[in-house]
Each structure stands twice: as C-alpha cells, then as structure tokens.
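Derivation of every value follows stated rules applied to the coordinates shown; laboratory data play no part. Source: prediction; values computed, not measured. FYI the Cβ positions are ideal-geometry reconstructions off the backbone, even for glycines, and counts take in every protein chain you see.
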Amino acid sequence: MLKRANYLLAFIFLLFGCATQTTYPSRPSPAPPSRPEPAVSELKPAEEFQPEKEEVKADKPKEEGVVSKLEIPKKIPLLPDIAVTGLVLDQKRRLVVTVANMGDQPLPLGKGNLKVFVDGELKKIYGLNRLSHQAVLQPGEVILFMTSFQITGRHEIQASIETGREVEELSKENNELKKFLEGPPLGPDIVIRDFTLSDDFELSIVLSNGGEVDLRKGITLRIRILVNGRKVSEFEHFTSDALKAHSSNDYLINPPYPIGLTGTSRVKISVAPRLSSHDILLENNSLERTVSILPFKISAQEKEEFSFSYPLSRTGKVNPPGKVKAEVRWDGGGSPLMLSARGPGNAKDFPPVSGRSPLKAEFPIYSEGGPEEISWKVWVTNLMEKKADGHLIIQHR
C-alpha cells in the first residue's frame, strides 16, 4: 500500500514540474553565429540560385534562312572609275584638267566627252580620245590635259566627263569637279629672253613681250644686274621702241656703262616696270645663268678638252630643265674649228658641229649623275694648219 502511495506522489511532482516550465525559463545557451538572411525582395527560387558568371557579349543567334554579312562579304565588282581630280591655270591662263582612273580595270577612251563650263554655261567639249594618244587609261594612270580655253578674271569652272551608257564605272559622282579660278587680265608680259656678250665680253640684255597686248614705247623699266651675288648695276631705261605681243620682236638694252665678264660668273638680271599694268606676269622677269669664258691656244690638227659641272636640285633632278649653250670665238675665223660635247655618265657624245667663228651649239641638259652635280666635257678641235687662239664661252642655268 505504501509503495503505491510513493508512485502516486512521484507522478504528481512530475506533472507539477511540466506545468511550471514556462514560468521559470532556463538560462539560454549562446547560439552559434548565423549568416544574414537576404531581404525578402532578393529571395530567388531554388533553381535560380546559380553561381553568377561574367556577362559575355555574343552575336545574336542567326535567324533561320538569313546569311550573315560577316561570313560572306559583298563582292565588289572590278570596274574602271574615271575622275576629274584637278583644275588649274598655266602661265598663259589656259585651263589644265587632271583626269585619273581610280578604278581596278582599264577605261577605254574611245567614247565619251569632257565638257567645260564657265559660270554654269557650257563653253568647250573635248572627246575623251583627245585626252591622250592611248586607247585606254590604265588603273592608277593620270592625264594632264591642257585645253585651248583661256580664263581671264575670276570665274567658277566646272569640268564634267560623260562616258556613255555602255561604260560601267564604280562611281559617277567623281566625274565632275567645280572650282573658282582667277586668270590674270589681258596685257603685255615682259620676258628676259636672253643676254649676249660683245666681242669684248660686255653684257647686253634681250627683252621680249610674251603677252597678248603690245607694250608701247616710252615705258620706264628698272634693270638690276648682279654678278656672283654682288649688285654691279641698277638703272632706269625708257623704251625707244614698242615690244610687240606674242614675242614678235626682241628689244636690246645696253647698260649705261659697260659690264665686262671674265672667268666664271653667276649672272642674275631682273627687270620691273614702273606700272603694274605694263606687265601682267612678274614671275618671269628675271634670268639667272652661269657664264664661263675659257681661253685656248690650240696647235694645228690638235684639240683641247674643257670640263664643267652643272648643279642639281635637292631632289637630284634638273629644275627647271634647260640647255648648255656653247660658243667658240677665235682670231682668223675664216678657217673652221670643230666643237663636240659629252653629257654626264655614260651618255653618248653629241654630234659635233664645225664652222667658222663664231661657232655656236646647244646641248640639252640631262638629269643623270651624282646627287649634287653633273659633269660635262667639251672639246674644241683645230682643223686648220696653223695655231688657233680664241675663247670658249659656256652658258648654263
């Protein structure tokens, strides 16, 4: 009986402990650190929680039936392409048109025209076959076509090329070019044509008029002469005769006091009118030339050799091209001498000339030679049975 009472009492205490568990909480143990939970708006479905990858730009997927242009580029046909690339005026106001083939195939020049417009009005028509003696214009080739058309004053110039329907080109847009050009007015154009040497080697100046209008007499000109860079004369001259247009006559000017030359001299002559209307083009109002006066004494049936050098420009070319002028003077000029010359490098000898005093010849300048100058040789041969005394005069630019 006592045993049953003890069991009952234990059960009552057990119930009493369960009832009082929420009233007297036990001391909580420290919770392990937890990771911060994401905000509700950042939560993703389980299947979206994948490692983030760096964004890689890729080409858009090709649509079915569409061919990408990157894989198969458009094929450009090989065609000619004629273009007007330049419009300029030369010293005589003539229009020069530059034409080029910018394409990949030859362009036939048999058909088509070049038209020139001035201020919108058609002035000249040239067939393409007149641009060149060639039948076709090869790719990359350029033609400088000098027209017969002259421009005076300021005007809008347009050059257009028509190739016809049968000629296919890469582009028709470059077949014309417009540009404002200004040609000098009509008038006289004073030119120093040459200078000469007297028997005593005294200098005289030769003028002409390359313009379209005569230069009347009584015009005041200022002349300046330099020898080896030093001014030796400057004076004013009143023209006693008219200078006819188109170089129809020469006009000789002698300095007021003699200017003699000896040895080798660099001579520069310039002329300027008092009024600008007396000369429409001043660029050609000077002449510069090297003069060598070389004495000789040659026995009968003998010859003497002379050498000189011609300077080249920095590009190694003759600029501008010119000629070598040779003159032989000797006493007793009734008997002949012979003059011969050889150019630079391996150039062949020029055909010799012979005759009586004064004996003159001209030889073209060649650009072959070293980077700074080219060398010439000139021979004077005595064909007489007696000694010849005289001078060889060499002039070159």
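Packing, as the average of other Cβ atoms within 10 Å across residues, places the peptides 82-88, 217-223 in the order 82-88, 217-223, highest first.
Each part reduced to its alpha carbon centroid, the range 217-256 and the range 168-197 end up 28 Å apart. Fewest-first ordering of Trp379, Trp330 by other beta carbons within 10 Å of each residue's beta carbon gives Trp379, Trp330. Close amide H pairs (under 5 Å, H built 1.01 Å from N) link Val232 with Ile225, Leu226, Val227, residues at least 5 positions away or on another chain. When Phe180, Phe235 are arranged by Cβ crowding within 10 Å, least crowded first, meaning fewest neighbours, the order is Phe180, Phe235.
Pairs from the list Lys92/Lys231; Lys92/Lys172; Lys303/Lys325; Lys268/Lys387; Lys303/Lys323 with a Cα-Cα gap above 27 Å: Lys92/Lys231; Lys92/Lys172; Lys268/Lys387.
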